[in-house]
Amino acid sequence: MKEFTDDFQKPFTSIKKRPRQFTAWFIIAIVLGSAGFWLPLFLVWYRGVPVDPIFVQLIEAGTLASFSIVILADGVATTMSVVGGSNVTAAGIRGQAGACALILLILQAVVLCSGLSPHEGDHPKYVLQELFAFLAILLAAYLYCFRYSDWEKSCADVKEKEEEEVDKMKVAAENKKTDGSGVAT
């Protein structure tokens, strides 16, 4: 299980290696990309007008859902167009993350298009859209890591690790003592 979680954490090394690029992407894609939602709220608040009615209108208009769809679509495109890397495990991680993003993208599209927009006093639907948007931001940040394939182990690295493990098992098998009937002692 530890190896499984380690494999899913490896893409984050892309952010550690390139913090400026990630920060620039985050500011442009997330902060400026969501300006259609937060800027009207800020302007209304700055003028001293109650924010709640504008918040409801923005949710009902689908600005948060639309923003989420766009950043997730960018992430899905990233997972499909990765250059480099030939590791099957890394390809599986990209595929799973891309599939999760696609599912969340479809859920956001359903919320946006099906008339499930919240109505006054219907707070669970507000929370649902906010939750989806938050998950979309987290997932988009994770998918950003796939733009660079230098975190992936090459096939040669994987093969070398497996050969080392086989050699360790051989040594352990040779060191195992057995009695005359072949039972380990």
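Every number in this text was worked out from the coordinates using simple rules, so none of it is lab data. Keep in mind the model is a prediction, meaning the values are calculated, not measured. Positions of Cβ are generated from backbone atoms using ideal geometry, with glycine treated the same way; all protein chains shown enter the neighbour counts.
Quick rundown of the values:
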{"read-out": "Three semi-axes of the equivalent ellipsoid, the stretch 2-153, Cα gyration tensor, whole Å, largest first", "value": "33, 17, 11"}
{"read-out": "Label-to-label distance, nm, for residues given as N175 and C113 (7 Å Cα→Cβ offset)", "value": "6.1"}
